[in-house]
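Okay, structure first, notes after.
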Amino acid sequence: MAGVGKPLQGQNVLVTGASRGIGAAVVRQLAREGAVPIIQYGRDQAAAEQLLEEVGAGVTLQADLSDPMGATRLWEQARSKAGRIHALVNNAGIRTEVSIEAGLQAWQSTWQKEFRVNLFAPADLCREAILHFSEHGGGKIVNLASRAGQRGYAAEAMAYGATKAALNNLTKSIARNFGDKGIFAVAIAPGWVFTDMAKGYIARFGKQAAVADIPIGEMALPEEIAEVIAFVLRSSQHSLNGATLDMNGGSYIR
Ligand code: NAD
């Protein structure tokens, strides 16, 4: 039973890419609301351990999600640490630029890595989660998609947009097919969020280039995204399933 002010109490939640950016904000918010986070990191062990110390409960797990077996091994480790897992937040992602003028090798390796990290690893984790949730009375999946996957994307990062469109579609398929087992899936589609991913873009093109077509003139903060994800994970939310939640300051309205 969730406690007062702790609507996520009793939930073990695996968050990928959790050592920084949106993932770290999600971990903080989930912990504040009573969940126990399973903090996956790629390289920055120190940041992950510092975050764990800050939130006070949970575990950290290393995994390279560009390795074809990385996601499956991560799930096994998470299961052995936590036992029952109640929710999965597929947050880890990369945004790599490659132009059509780049050589074929650079083009293909960028597309392959982008799909490996942004789609295939989340898909493997969704598969594991669905199998686990089916046997244990249900669970929730939140996938970090993007506005880029909804409206098409920059010429230099078409692979990124394509991975996010596919992740969005996967989310809908899960919602359509596994609801009868108590399994829910929701996609979050932010425009720019002020993290390292966005800072790289700002450093090269300037903030104005990023916010020019955002009516509110600002990027989202990671904490805003985290708040919505925690809300999605509340056990009181039954009908919020299969949705794509747009968080883009009004820059893409459907
Ligand atoms: P970030 O670059 O700050 O963090 C990404 C995280 O993913 C990092 O913790 C990184 O270690 C992890 N990661 C990347 N490659 C990995 C690998 N091979 N193995 C394991 N972990 C790996 O990015 P962010 O802005 O916090 O983005 C989080 C999610 O939100 C991503 O899926 C991103 O595509 C999505 N998103 C971000 C924005 C934005 O503007 N920042 C907008 C829309 C969607």
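Projecting the Cα atoms of Leu125, Ser235, Ala87 onto the charge dipole of the chain, computed from C-beta unit charges around the Cα centre, puts Ser235 farthest toward the positive end. Taking label points 7 Å from Cα along the Cα-to-Cβ direction, Ala46 and Glu135 give a separation of 3.9 nm.
If you take every residue apart from Asn118 with its C-beta less than 13 Å away from the C-beta of Asn118, what net charge results, scoring Lys and Arg +1 and Asp and Glu -1? My count for the surroundings of Asn118 gives +2. The slack in the chain from Asp180 to Asp67, taken as 0.36 nm per residue of separation less the alpha-carbon distance, amounts to 37.5 nm.
Rounded to the nearest 500, the 222 nm mean residue ellipticity of the chain from helices alone is -13500 deg cm²/dmol, with -39,500 (n - 2.57) taken per DSSP H run of at least 4 residues. Partner aspartates and glutamates whose Cα lies under 12 Å from the Cα of Lys181, excluding those fewer than 8 positions away in the same chain, are identified as Glu135. Sorted ascending by nearby beta carbons within 10 Å, beginning with the fewest, Lys199, Lys207, Lys164 become Lys199, Lys207, Lys164. Straight-line reach from Lys199: taking Cα to Cα under 18 Å and skipping same-chain neighbours fewer than 8 places apart, the lysines in range are Lys207.
Annotation: extensible slack from Gln208 through Thr96 equals 38.3 nm (criterion: 0.36 nm per residue apart, minus Cα-Cα distance). Counting Lys and Arg as +1 and Asp and Glu as -1 over every other residue whose Cβ lies under 12 Å from the Cβ of Ala63, the net charge comes to -2. Based on Cα contacts under 8 Å between residues 6+ apart, the chain shows a relative contact order of 19 percent. If you keep only loop residues by DSSP, which trypsin sites (Lys or Arg not before Pro) in segment 1-59 have at most 13 other Cβ atoms within 10 Å of their Cβ? Taking segment 1-59 and a limit of 13 other Cβ atoms within 10 Å, the loop trypsin sites (Lys or Arg not before Pro) found are Arg43.
With a sphere of radius 14 Å drawn around the Cβ of Gly249, what net charge do the other residues whose Cβ falls strictly inside it have (Lys, Arg +1; Asp, Glu -1)? Result for the local shell: -1.
The Cα center of segment 114-147 and the Cα center of segment 209-232 differ in position by 23 Å.
Tally the DSSP beta bridges in the chain and give the antiparallel ones as a percent, rounded to 5. So the antiparallel bridges in the chain amount to around 5 percent. Taking 7 Å steps out from each Cα toward its Cβ at Met247 and Lys172 produces label points 2.1 nm apart.
Longest stretch of the chain clear of exposed loop sites (GluC sites (Glu not before Pro), DSSP loop, at most 16 other Cβ atoms within 10 Å, sites excluded): 102-217.
Figure legend: label point modelled 7 angstrom from the Cα of Trp107 along Cα→Cβ; residues of segment 155-185 with amide N under 19 Å from it are 155-163.
Within the same chain, lysines fewer than 8 places from Lys6 are excluded, and of the rest, those with a Cα less than 18 Å from its Cα are Lys140. Ranking Gly191, Gln50, Ala157 by Cα position along the charge dipole of the chain, where only Lys, Arg, Asp and Glu carry charges on their C-beta atoms, puts Gly191 farthest toward the positive end.
Read the figures in this text as sums done on the coordinates, not as results from a lab. What you see is a predicted model, and the numbers here were worked out from it, not measured in a lab. All Cβ positions, glycine included, derive from the backbone under ideal geometry; neighbour counts span all protein chains shown.
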